[in-house]
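Visitor: Handing you this structure, nothing more for now.
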Amino acid sequence: MEWITNRLRAFQVLIAAFFAEEDGSAVVEGLLVLCVLIALAVIFRTQLIAMVQQIFRGIQNQTGVFY
């Protein structure tokens, strides 16, 4: 869990640095890309959830072999 928290903090620092260094038009472009990614996640929400569940089922099945 700590690894995820550290990765999120690093990502936040990266995003903050990106928006601090870029000019106004690049910030707008970045926000548009972010909006498109969010829209795609919302549109394909059920498919993404199903895919993640399938991945975790596969991981669970494979780890069950070792125990």
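Visitor: For residues in segment 14-41 being at pLDDT below 90 and among the β-branched types (Val, Ile, Thr), which is nearest to the chain's Cα centre (by Cα)?
Guide: ILE15
Visitor: Same structure again: Filter segment 1-51 down to the residues that are outside any helix (DSSP H, G or I), loosely packed, with under 10 Cβ neighbours inside 10 Å and of a type outside the set (A, V, I, L, M, F, W, C) and list them by number.
Guide: Listed by number, the list holds a single entry, ASP23.
Visitor: Can you confirm whether GLN54 is out of contact with any Gly (no Cβ under 8 Å at 6 or more places or on another chain), modelled with pLDDT of 85 or more and in a helix (DSSP H, G or I)? Let's see the steps before the verdict.
Guide: Values: out of contact with any Gly (no Cβ under 8 Å at 6 or more places or on another chain): yes; modelled with pLDDT of 85 or more: yes; in a helix (DSSP H, G or I): yes.
Yes: the conditions hold for GLN54.
Visitor: Pairs only if they're at least six apart or on different chains, beta carbon under 7 angstrom, first in segment 25-52 and free of Cβ contacts under 8 Å to residues at least 40 places away in the same chain, second part of a helix (DSSP H, G or I) and surrounded by 11 or more Cβ atoms within 10 Å (Cβ to Cβ); list them, first residue then second.
Guide: VAL27/PHE19; GLY30/PHE18; GLY30/PHE19; ALA41/LEU48
The values are calculated or read from the model by the stated rules, or taken from the named source; none is laboratory data. Only a predicted model underlies this, so the values are computations on that prediction, with no experimental measurement involved. No Cβ is skipped: glycine too gets one built from the backbone with ideal geometry, and neighbour counts run over all protein chains shown.
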